[in-house]
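Input: a single structure, listed below in structure tokens.
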Amino acid sequence: MDADLLQIARSTKGFMPEDEGLALHRLACQQLPHGPALEVGSYCGKSAVYLGAAARRTGPECVVFTVDHHRGSEENQAGWEHHDPEVVDPETGLMDTLPTFRRTIASAGLEAQVVAVLGTSVTVSRHWRIPLALLFIDGGHGVQPARDDFAGWPHWVQPGGLLAIHDVFPDPAEGGRPPYEQIYLPALASGHFEEVEAVGSLRVLRRVAGQAGERLPA
Ligand code: SAH
Ligand code: MG
């Protein structure tokens, strides 16, 4: 990955260890020639820089969509483990990571490659119609948000495309269950995805059956 962008990714607030970010970057370099990437969970743009760097390197048509309401997940709210008071809007008292996200992407020079979609994952997924070469799910980690992301997104992965899921912890001692139980296991159980790679808590599955837009078997 280009050294200037790696430096920006390192210094951006967020939840993406470097080895996992570099794996995402490498997978995006492979996949972006075949179609767009979509991320669920932009936060301050850390993972989007790894993905956008791949788009910049891969070609002028390459694009990464990133969906977030920018109000934070449950676990980012005041009093919770991953709260950061610097990303609270003093006027509304609500979390707002959009200004920080925008500064990150502008400073990285990735505004042409990274397209922010501002909204709730469920609403955006309900209207989404674009086949994806790479889907990266890193949104809300509660049971319901994870279920909603599973119901809304993986069927848009095109045949041969990749589904990457963050914060997958098969061992409950290492972290929360929903990405593992509500996304990773059901994706494998559907028969439409096979695991191809694991780096840290990142799990990467390839679509081996079905068509983009065709719902996964329950
Ligand atoms: N990928 C980021 C981390 C994402 S944190 C990084 O590299 O650092 C999870 C993000 O998901 C938060 O910004 C939160 O606002 C967003 N999110 C949680 N639930 C959501 C929902 N239902 N719709 C849209 N965004 C959601
Ligand atoms: Mg994560």
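The values are calculated or read from the model by the stated rules, or taken from the named source; none is laboratory data. The shown structure was predicted, so the numbers you read here are calculated from the model rather than taken from an experiment. With ideal geometry, Cβ positions are generated from the backbone for all residues, glycine too; neighbour counts draw on all protein chains shown. Ligands, DNA and RNA are stripped out before the accessible areas are found, and what is left, the full protein with its side chains, is counted by its heavy atoms. Shrake-Rupley method; radii C 1.70, N 1.55, O 1.52, S 1.80 Å.
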Task: Accessible area per residue, Å², the range 117-186 with all protein chains present, probe 1.4 Å - done: 40 Å²
TODO: Counting only C-alpha contacts under 8 Å and six or more residues apart, can you give the relative contact order of the range 72-115 as a whole percent?
DONE: 22 percent
TODO: Calculate I(q)/I(0) for the range 149-218 by the Debye formula, one identical point scatterer on each C-alpha and no solvent, and give its log10 at q = 0.11, 0.16, 0.21, 0.24 Å⁻¹ to two decimals.
DONE: -0.23, -0.48, -0.81, -1.02
TODO: Arrange the residues 50, 43 by how much accessible surface each exposes, largest first, with a 1.4 angstrom probe.
DONE: 43, 50
Open item on the list: At a threshold of 8 angstrom on Cα-Cα distance, excluding pairs fewer than six apart, so keeping six or more, what relative contact order does the range 77-165 reach in percent?
Closed with: 22 percent
TODO: State to the nearest 20 debye the size of the charge dipole of the range 1-117 about its Cα centre, where the only charges are +1 on K and R beta carbons and -1 on D and E beta carbons.
DONE: 440 debye
Open item on the list: Report for the range 105-218 the percent antiparallel among DSSP-assigned beta bridges with both residues inside it, nearest 5.
Closed with: 65 percent
Open item on the list: For residue 156, what accessible surface area do you get with a 1.4 Å probe? Give it in Å², rounded to 10.
Closed with: 30 Å²
- [ ] Quote the charge dipole size of the chain about the Cα centre in Debye, to the nearest 20; the model charges only the Cβ of Lys and Arg (+1) and of Asp and Glu (-1).
- [x] 720 debye
- [ ] Taking the dipole about the Cα centre of the chain, with the C-beta of Lys and Arg at +1 and of Asp and Glu at -1, give me whichever of 139, 53, 180 is farthest to the positive side.
- [x] 53
Open item on the list: With a 1.4 Å probe and all protein chains kept in place, how much accessible area does residue 12 have, in Å² rounded to the nearest 10?
Closed with: 20 Å²
Task: Percent antiparallel among DSSP beta bridges (both partners in the chain, rounded to 5) - done: 40 percent
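Pairs of alpha-carbon atoms within less than 8 angstrom and 6+ residues apart define the contacts here; what relative contact order does the chain have, in percent?
Numbers: 441 pairs, mean separation 41.5, N = 218.
Here the relative contact order equals 19 percent.
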Task: Residue-level accessible surface for residue 19, protein heavy atoms, 1.4 Å, Å² - done: 90 Å²
TODO: Could you pull the Rg and Dmax for the range 1-44, using just the Cα atoms, both in Å?
DONE: 11.1, 30
- [ ] Run a plain Debye calculation on the range 74-171 (Cα atoms as equal point scatterers, no solvent) and give log10 I(q)/I(0) at q = 0.11 Å⁻¹, rounded to two decimals, same order as the q list.
- [x] -0.43
Task: P(r), alpha carbons of the range 40-120 - 10 Å bins starting at zero, rounded % - done: 20, 47, 25, 8, 0
TODO: Please report, as a whole percent, how much of the solvent-accessible surface of the chain comes from carbon and sulfur atoms (probe radius 1.4 Å).
DONE: 53 percent
TODO: Go ahead and estimate [θ] at 222 nm for the chain from helices alone: -39,500 (n - 2.57) per DSSP H run with n ≥ 4, summed, over the residue count, rounded to 500.
DONE: -9000 deg cm²/dmol
TODO: Let me know the volume per residue of the alpha-carbon convex hull for the chain, in Å³.
DONE: 112 Å³
Open item on the list: Need one number: % antiparallel among DSSP beta bridges in the range 58-171, to the nearest 5.
Closed with: 10 percent
